[in-house]
Structures are given as structure tokens and as C-alpha cells.
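S.K.: Quick one: structure below, then a few questions.
The values are calculated or read from the model by the stated rules, or taken from the named source; none is laboratory data. For clarity, every value in this text was computed on a predicted model and none was experimentally measured. Here the Cβ positions follow ideal geometry from the backbone for every residue, glycine too, while neighbour counts run over all protein chains shown.
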Amino acid sequence: MQKSCEDIADMLVDYADGRLSPGESSKVAAHLAKCKDCRGSLEALQRSLELAGVIWEDQLAEIEAVRIQIPEKVRKFSWRGYAVIAAGILLVVAISSVLKVLVGHTEKEPTFAEIEQKIDESYSAARLLAAADLLAKYPDTEAIAKRQYHYVVKKYPQTPAAAEAKLRIK
């Protein structure tokens, strides 16, 4: 049984990024071979992603051109200044250690892999939102953009981009 165009549309972004499993990717490819409308949507999405990539590269070039001025003179600390800073750090460490023991550590700290996954999800969601925003500017691709907003909200609900996509849907 083939997936409907709506299901395929929800998977087009991940398909274009090469993020689908081999099985899902082959189902999308089979549908695209038969459906002219979905092929057109994919082509529009790829053009938008390329445009977003060009804009991103242009912004990086501007950022690299900015240089931070370093002052000529750097104020020197006396040994008393270092002692005050060290005492402050020791005080903060001691207080936090005592509080951890007294209160207990109830919240599990995220692992590096979990943090990395959240960063990756936020990046993907922001990228999809930017592409959908570009699509929304053209009258013949507004429906595709709206579907992409829904996809961002559905796929990445805990990201700032999903909150922005919700605002654009209303």
C-alpha cells in the first residue's frame, strides 16, 4: 500500500537531507517516480534549501570579517586580587557541594549525547523553518510552506523553531 501525498510531503525534508531509513527512502522514491506534484514539491524544497545554504554561507563570511579589538593595556591584578577571586570560587564550590548533599540531586544531568541530539534537533528545526519561510514568500508554494510548518511542530516540538512555526500556522 503506497503512502498518500500528505504522508510523503511530511517526509520530503528528511528525504532531501538523506535522513530517512533505507526503507522509508525507497518508499518516498517510488512515490516520487509516480507523482508529479510531489516531485515538484521536492524540487521547490531543494531550491529553497540551496538558497538557505547560500544565505547561511554569506552570513558566515560577514561574521568572519568582524574582528574584536583587544585593548593595548591589560590591568594587572595584585596577589590580593587573585586571593579574593580564589576565595570566592572556593566559597561557591563549598556552598554548592553542601546544597547537593542536603537537598539531594533529583534531576538527572543530560549526557553529552543527549545535549548533542538536542542541538542537532534545534539546528534541523531552524533550518526547516527558514526553508518554509522562504517558500511562504511565493504564492504557489504557500501550501507547501504551511505543511512544513506543521512538520516542524510535529517533528521537533520542544525547539524554539517549533514555537515560531506555531505562530506562522495561526
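S.K.: I'd like to know if the range 92-103 contains one or more residues that are over 20 Å from Thr159 (Cβ atoms), modelled with pLDDT of 80 or more, of a type in the set (Gly, Ala, Ser) and surrounded by 10 or more Cβ atoms within 10 Å (Cβ to Cβ).
M.R.: yes
S.K.: What is the residue count in the range 133-149 for residues that are without any contact (Cβ under 8 Å) to a residue 40 or more places away in the chain and assigned to a helix (DSSP H, G or I)?
M.R.: The qualifying residues number 9.
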